[in-house]
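The block underneath contains the structure these notes are about, expressed in structure tokens.
The values are calculated or read from the model by the stated rules, or taken from the named source; none is laboratory data. What you see is a predicted model, and the numbers here were worked out from it, not measured in a lab. All Cβ positions, even for glycine, are placed from backbone atoms using ideal geometry, and neighbour counts span all protein chains on display. Quick note on the areas: whole protein, heavy atoms, side chains included, nothing else; ligands and nucleic acids left out. Shrake-Rupley method; radii C 1.70, N 1.55, O 1.52, S 1.80 Å.
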Amino acid sequence: MNEGSPAQWLAAAQKIDARIEKLRPEADRHVVGQHVISQVLLKRFAAPFGSDGLKLVPFNLDHPDRLHKMASPRQCGKVPHFARFASASLEQLWGKLETRIPDAARAVDRGDVFQHEQHVQTLKDLIALHLVRSLNYRKVHQRIFTKIYTEQRTALLTDQSDLLRLAVLQRSGLHLPGPQGLAAAADEILSPHLANFENGADFRARIEDTFAKAKEMISDAGLEILVPAAGEFLLGDTPALAIQQSETRTAFNVAIGDSTSIVLPFGPRHLLVGRTPRYGLSIATEETVGFLNRLQIEAAEQRVYFRPRRGLDTIVRSYLKQGIRSARS
């Protein structure tokens, strides 16, 4: 998923700056261990183990032959300092949605979820949440900011240099002394934006704004829930994937507007498909289950999660031997 073109990014800058200023009084209110995967979702991939409570397997894809110890949902899907600016209020925003998930999950398990529009909307919002509250989104944000910052600085030193010199002259009465002075003036103009990027304020404001936009885009389309004819779904640490499918290839992590569907595993026996023209439950063939699990493995940063003692560790290792992650840096 991306955050739009450079023109769209810059057009939104004023709104983002205003939001940052509103958030600044709570800048240091943090939640250190932030979940990028909802605990409610992780629990659906866990199994009870007596007095130890619910456990699932966090499988490290970088070290597939290691012993993968079981862990509780609370221990999984965490990223220290995912958001570094006013993260406490961001967690409150996520929490308002996550409190609605258990009722929707029970409706999915009963099979009557499509009789309750509020639960359907909750599932769509859950897809949007995991699209933006993800390591992939954070990487995209960093990449786009760096690109646009570099482009803007270059423009100030080249095409817009006369305007920059005039602005400095009108403000201070000084003529810029050569290229070094021009560069210093450009850096001064851009420094507040760079500071907001470096302290996490820009990311904090944009992820909130993008979440609202993602919810709106996903809400307008259908929702399909896949149930496997055989096998189980597994969950990657970047679980919501915006997919663009054609006759020859499948691309994932595309922009929402370019996607043909958005998938999110919702337990071993269910997978949500958003942004689709269809509504209702469908059976996923064993081949489709394998394809969707391979996508989760390929898109994951480091781990996939699944129910213990179901043989999925062997299946994951076999996928890895096929080289599906070999192109990753």
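Please sort through the DSSP H helices of the chain and keep those with an alpha-carbon extent of at least 24 Å along the long axis and a Kyte-Doolittle average not below 0.0.
Working: long enough: 135-157 (33 Å, -0.61); 178-198 (28 Å, 0.10); 201-219 (28 Å, -0.45).
In the chain, the long hydrophobic H runs are 178-198.
Quick one: which residues, 5 or more positions from Arg303 or on another chain, have an amide H under 5 Å from its amide H? H modelled 1.01 Å from N in the peptide plane, none for Pro or chain starts.
So Arg303 has HN proximity to Leu61, Asp237.
Would you mind checking which residues have amide H under 5 Å from Gly222's amide H? H placed 1.01 Å from N; only 5 or more apart, or other chain.
Residues meeting the criterion, in which the H sits 1.01 Å from N, are Arg275, Thr276, Arg278.
For the pair Ala184/Gln115, report the inter-label distance in nm, with labels modelled 7 Å from Cα in the Cβ direction.
Modelled inter-label distance: 7.4 nm.
Within the accessible area of the chain, what % is carbon and sulfur when the probe is 1.4 Å and the other protein chains stay in place?
On the way: 8250 of 16260 Å².
Ligands and nucleic acids excluded, carbon and sulfur give 51 percent.
Please list the non-local residues whose amide H lies under 5 Å from the amide H of Lys55, H modeled 1.01 Å from N, same-chain partners needing a gap of 5 or more.
Answer set, sorted by chain and number: Ala47, Phe49.
In nm, to one decimal, how far is the Leu135 label point from the Tyr149 one, both placed 7 Å along Cα→Cβ?
About 2.2 nm separates the two model spin labels.
Output needed for the stretch 1-142: three equivalent-ellipsoid semi-axes, defined as square roots of 5 times the C-alpha gyration tensor eigenvalues, in descending order, whole Å. The partial results should precede the final answer.
Values: eigenvalues 184, 93, 50 Å².
Semi-axes from the Cα gyration tensor: 30, 22, 16 Å.
How high is the FRET efficiency from Asp28 to Ala230, r the C-beta distance, R0 41 Å, rounded to 0.05? Display every interim value, and only then the final one.
Numbers: r = 51 Å, r/R0 = 1.24.
The computed FRET efficiency comes out at 0.20.
FRET efficiency for His63 and Glu287, Cβ-Cβ distance as r, R0 = 25 Å, nearest 0.05? If you can, show how the numbers build up before the last one.
On the way: r = 28 Å, r/R0 = 1.14.
Given R0 = 25 Å and the Cβ-Cβ separation, E is 0.30.
Where Lys and Arg each count +1 and Asp and Glu each count -1, what net charge lies around Ser72 among other residues with Cβ under 12 Å from its Cβ? Intermediate values should be presented prior to the final figure.
Details: positive: Lys43, Lys55, Lys69, Arg74, Lys78; negative: Asp52.
Charge balance near Ser72 sits at +4.
Using 1/(1 + (r/R0)^6) with R0 = 30 angstrom and r between the beta carbons of Thr158 and Asn199, what's the FRET efficiency to the nearest 0.05? Before the final figure, lay out the partial values.
Details: r = 29 Å, r/R0 = 0.96.
Calculated value: 0.55.
Helix-derived [θ] at 222 nm for the chain: sum -39500 (n - 2.57) over DSSP H runs of at least 4, divide by residue count, nearest 500? Each step should come with its number before you reach the end.
On the way: 12 runs with 159 residues, N = 329.
One gets -15500 deg cm²/dmol as the mean residue ellipticity at 222 nm.
Quick one: divide the alpha-carbon radius of gyration of the stretch 116-165 by 2.2 N^0.38 Å and tell me what you get. Don't jump to the answer; show the numbers that get you there.
Details: Rg = 19.5 Å, N = 50, 2.2 N^0.38 = 9.7 Å.
With N residues counted in the stretch 116-165, Rg over 2.2 N^0.38 Å equals 2.00.
Please build a GNM for the chain, connecting alpha carbons under 10 Å apart, and tell me which residue among Thr285, Thr314, Thr260 fluctuates the most.
Evaluated over the chain, the most mobile residue of the options is Thr314.
Would you mind pulling out the separation of the Cα centroids of the stretch 258-329 and the stretch 133-158, in Å?
30 Å
Applying the Karplus parametrisation 6.51 cos²θ - 1.76 cosθ + 1.60 with θ = phi - 60° to the phi angles of the stretch 36-41, what ³J(HN,Hα) value in whole Hz is obtained for each residue in order, glycine and proline being reported as x?
8, 10, 4, 4, 4, 6
Just need log10 I(q)/I(0) for the chain at q = 0.08, 0.10 Å⁻¹, Debye formula, equal scatterers on the alpha-carbon atoms, no solvent, rounded to two decimals.
-0.44, -0.65
Enter the accessible area per residue of the chain (Å², integer; probe 1.4 Å; all protein chains in place).
On the way: 16260 Å² over 329 residues.
Ligands and nucleic acids excluded, the result is 49 Å² per residue.
Using only the alpha-carbon atoms of the stretch 172-329 as identical scatterers, what base-10 log of I(q)/I(0) does the Debye formula give at q = 0.11, 0.16 Å⁻¹?
Each listed q corresponds, in turn, to -0.59, -0.97.
Net charge near Thr276: determine it from the other residues with C-beta under 15 Å of the C-beta of Thr276, scoring Lys and Arg +1 and Asp and Glu -1. Intermediate values should be presented prior to the final figure.
On the way: positive: Lys124, Arg275, Arg278; negative: Asp220, Glu224, Asp258.
Here the charged neighbours net out to 0.
Over the chain, calculate the relative contact order: mean separation of alpha carbon pairs under 8 Å at least 6 apart, over the residue count, as a percent. Don't skip to the end; give the middle numbers.
Numbers: 493 pairs, mean separation 74.7, N = 329.
Relative CO of the chain lands at 23 percent.
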